[in-house]
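What follows is a short report on a single structure.
The values are calculated or read from the model by the stated rules, or taken from the named source; none is laboratory data. Just so we're clear, the structure is a prediction, and the values are computed from it rather than from any experiment. Virtual Cβ from ideal backbone geometry, glycine too; neighbours counted across all protein chains shown. For the accessible areas, the whole protein counts, side chains as well, though only heavy atoms, and no ligand, DNA or RNA atoms are used. Shrake-Rupley method; radii C 1.70, N 1.55, O 1.52, S 1.80 Å.
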Amino acid sequence: MTVSQKAFSLFLAAFFGLAGFHVSAQTPGPLKIEITEGVIEPMPFAVPAFVAETVSAKDLSEDLAAVVIADLVGTGLFRDIPRNAQISGISNFDSPIQFSDWKAVNAQALITGAVSTQSGGQLVVKFRLFDVFAQAPLGEGLRFVGTTQDWRRMAHKVADAVYARLTGESAYFDSKVVFVSESGPKNARNKRLAIMDYDGANLQNLTDDRSIVLAPRFSPDATKVLYTSYETGSPRAFLLDLSTLKRKALAELPGMSFAPRFSPDGQNVVMSASLSGNTDIYMVNLQSLQATRLTTAPSIETAPSFSPDSQQIVFESDRSGNQQIYVMPASGGEARRLSFGEGRYGTPVWSPRGDLVAFTKINQGRFHIGVIRLDGSEERLLTSSFLDEGPTWSPNGRVLMFFRETPGANGAPSLYSVDITGRNLKKVSAAGNGSDPSWSRLRE
Amino acid sequence: MRISLALILAASVFALAACNSQLPNSGSDTVDLNKSGNFAQNSPEFFVASVGDRVLFTVDQSTLNDEARSILDAQATWLAQNVEFKALIEGHADEQGTREYNLALGARRASAVQAYLVSRGVADNRLSTITYGKERPIEICSTEACWSQNRRAVTVVNAGGTS
């Protein structure tokens, strides 16, 4: 691990480890939880109160520990041993760990932390992860420095590191979600773009609600958002800069344009445009502003999404007679059909790992979120309801966020997430009424 | 006479037309048949109330049935008699589809209406289209009774010249 040189106010100082806290070679099998299809027993862990090393850090130390616990428990992979069941606490971050006390309460992993505030609004968070049964640290201790306003990010960073060490996979807690925040009655809905942390915290509006806005999507570096807006009267793709909140229409395409999404290098936008009632897929280069038409069939072609290697595009089309998912080369050309099950398939999104496509399926009046392999095999439906739609991948490809709309005159959408195993379905309550989520990559 | 036929048909869709103002409580308006008689024949209100401003579609389709074509014939006649008006054709879908597909479907429905009106002699440059997908339902229940009313193309006439 190297010292982060990023321009972020929050950075990670490495090698906090002290003597004896290097990764132990004598640890027999390192503590690890395998994320598999089968039913798993969540791994029990304990987070004793983080040590407040300065008086003013007391409240934040409690809040930080709570966010770390919520992140880990929220995955469904870990189970928190509550404070009132814990035998001992940690009063000094550098004191030796009484492993027998943690073994006695059946904690397999132990996370200790310390928080201090410094002049100028700086916050320092340190943590260590221990394998209780091996009585050894698991990886180096880490130290994060940031501003007090960034305390939630620092908590997510701690949880990300713990998740990565215990699962062997990259994590997803320090990430953002951009979505459409909805209000008002069903026949006069107000929509605006909003952004939040993955867990619903730090919710902020990005646009007003004077025009219909739809389906925002992050740029690969999460500094910009593509979306569809009726601001100019008819639907058109827009590009929003998240640092300035300045927006501009992508006016290169004729007719109505919608469903824009970035290429993995952020240089191109793939989207659809409707001209004379026929919707096809186009690519627009953001430098040259040259538009290339990728499909020409008289059928509907829309909802394009790049493969992570930029070589292919998955999209939906009703060329067979109803809505199905297809894959074509990124330069256009012959497409192969991916979905063959009963019903209609739409909103395909390529996973960041490249091995799966998430989709919305409509069958016999029910909506499902599902995943399918790129060879068309192993279709798995993860959810079922009156209306589940619009999956977006977590940065590590393990979780899908989507929206679920309730039926009837008072029906309204909410954001949900579910593991690609189909487990751990839950509502992102803090987001309020929302739809069309797009999950950013992991922040640096 | 096409107009008189259209008037009969228009009476059957008048309850829908009355909902078009997007009042939150739309959907159960009572029909005042006398009211339509008070509108000038060259007014947008007359167009909505007496000619019929919308046609309906079956699930996932953009085909115009006989009833739709009769209404559009009446719209074409009215537009021929009121040349100062332009029209924006809105294509809509019900909630039983994904957002982007429904935008494409709404575009297809609006275009089907536009093509039919042009085939009935309305100048191409007086007509424009927009899709709302499933974004602007007029009926809000989640049964076929409402969905059938939401799968629609609405012709909005405007003397100012809708762009």
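Annotations for the structure displayed:
- Within the range A:200-220, being assigned to a strand (DSSP E or B) and of a type outside the set (Phe, Trp, Tyr) holds for A:GLN204, A:ASN205, A:VAL213, A:LEU214, A:ALA215, A:PRO216, A:ARG217.
- Given (1) more than 16 Å from the chain's Cα centre (by Cα); (2) open to solvent by less than 10 Å² (accessible area, probe 1.4 Å), index of the condition A:SER175 fails: (1)
- Residues satisfying the stated conditions in the range A:134-166, i.e. open to solvent by 30 Å² or more (accessible area, probe 1.4 Å), over 20 Å from A:GLN108 (Cα atoms) and not hydrophobic (A, V, I, L, M, F, W, C): A:ARG143, A:THR147, A:THR148, A:GLN149, A:ASP150, A:ARG152, A:LYS157
- Test result for B:ASP66, at pLDDT 95 or above, crowded, with 19+ Cβ neighbours inside 10 Å and more than 7 Å from chain A (Cβ to nearest Cβ): no
- In the set A:SER299, A:SER310, only one residue is part of a loop (DSSP other than H, G, I, E, B), within 13 Å of chain B (Cβ to nearest Cβ) and touching a strand residue (DSSP E or B) at 6+ places or on another chain (Cβ under 9 Å); that residue is A:SER299.
- Within the range A:356-378, being closer than 16 Å to A:VAL314 by Cβ, modelled with pLDDT of 95 or more and open to solvent by 10 Å² or more (accessible area, probe 1.4 Å) holds for A:LEU356, A:LYS361, A:ARG373, A:LEU374.
- Identity of the residue in the range B:124-136, within 11 Å of chain A (Cβ to nearest Cβ) and open to solvent by less than 20 Å² (accessible area, probe 1.4 Å), that ends up nearest to B:ARG151 (Cα to Cα): B:GLY133
- Among the strands (runs of 3 or more DSSP E) confined to the range B:55-163, the ones with at least 3 residues that are without any contact (Cβ under 8 Å) to a residue 60 or more places away in the chain are located at B:127-133.
- All conditions in (1) in contact (Cβ under 8 Å) with a residue 40 or more places away in the chain; (2) assigned by TED's automatic domain parsing to the domain that holds A:ASN433 hold for A:ILE212, with the sole exception of (1).
- The range A:360-386, residues that are within 14 Å of chain B (Cβ to nearest Cβ) and more than 24 Å from A:PHE218 (Cα to Cα): A:ILE362, A:ASN363, A:GLN364, A:GLY365, A:ARG366, A:PHE367, A:SER385, A:PHE386
- Residue match in the range B:82-98 (condition: touching a Leu at 6+ places or on another chain (Cβ under 9 Å), open to solvent by less than 10 Å² (accessible area, probe 1.4 Å) and facing chain A (nearest Cβ under 9 Å)): yes
- Unmet criterion (only one of (1) in contact with a Leu (Cβ under 8 Å, 6 or more places away or on another chain); (2) within 30 Å of B:THR63 (Cα to Cα)) for A:ASP355: (2)
- Subset tally (residues that are part of a strand (DSSP E or B) and either surrounded by fewer than 22 Cβ atoms within 10 Å (Cβ to Cβ) or touching an Asp or Glu at 6+ places or on another chain (Cβ under 9 Å) (or both)) for the range A:270-296: 15
- Count - residues of the range A:38-80 that are assigned to a loop (DSSP other than H, G, I, E, B) and either in contact with a Pro (Cβ under 9 Å, 6 or more places away or on another chain) or aromatic (Phe, Trp, Tyr) (or both): 4
- Pair list, Cβ < 7 Å and 6+ apart or interchain, from the range A:181-209 residues that are within 14 Å of another protein chain (Cβ to nearest Cβ) to residues that are open to solvent by 50 Å² or more (accessible area, probe 1.4 Å) and among the β-branched types (Val, Ile, Thr): none
- Within the range A:336-355, the set of residues being under 27 Å from the mean Cα position of the chain (by Cα), open to solvent by 40 Å² or more (accessible area, probe 1.4 Å) and not charged (D, E, K, R) comprises just one member, A:PRO352.
- Residues of the range A:317-335 that turn out to be open to solvent by 20 Å² or more (accessible area, probe 1.4 Å) and within 30 Å of A:SER170 (Cβ to Cβ), as a count: 1
- Sub-6 Å Cβ pairs linking a first residue in the range A:404-427 that is within 14 Å of chain B (Cβ to nearest Cβ) and farther than 22 Å from A:ASP197 by Cα to a second residue that is polar (S, T, N, Q) and surrounded by 15 or more Cβ atoms within 10 Å (Cβ to Cβ), at least 6 apart or interchain, are A:PRO407/B:SER142; A:GLY408/B:SER142, ordered by first then second residue.
- Residue in the range A:81-98 that is aliphatic (A, V, I, L, M) and under 27 Å from the mean Cα position of the chain (by Cα) present: yes
- Taken over the range A:395-419, the criterion of being part of a loop (DSSP other than H, G, I, E, B) and within 17 Å of the chain's Cα centre (by Cα) is satisfied by A:PRO395, A:ASN396, A:GLY397, A:ARG398.
- Number of the condition not met by B:GLY121 [criteria: (1) on the phi > 0 side of the Ramachandran plot; (2) at the interface with another protein chain (Cβ under 8 Å from one of its Cβ atoms)]: (2)
- Residues in the range A:220-236 that are open to solvent by less than 10 Å² (accessible area, probe 1.4 Å) and either in contact (Cβ under 8 Å) with a residue 40 or more places away in the chain or among the aromatic types (Phe, Trp, Tyr) (or both): A:VAL225, A:LEU226, A:TYR227.
- In the range A:313-340, residue farthest from A:ASP375 (Cα to Cα) [restricted to those that are assigned to a strand (DSSP E or B) and within 14 Å of chain B (Cβ to nearest Cβ)]: A:SER317
- When A:GLU169 is tested against the conditions (1) of a type in the set (Asp, Glu); (2) farther than 30 Å from A:ASP101 by Cα; (3) under 23 Å from the mean Cα position of the chain (by Cα); (4) open to solvent by 20 Å² or more (accessible area, probe 1.4 Å), the lone failure is (2).
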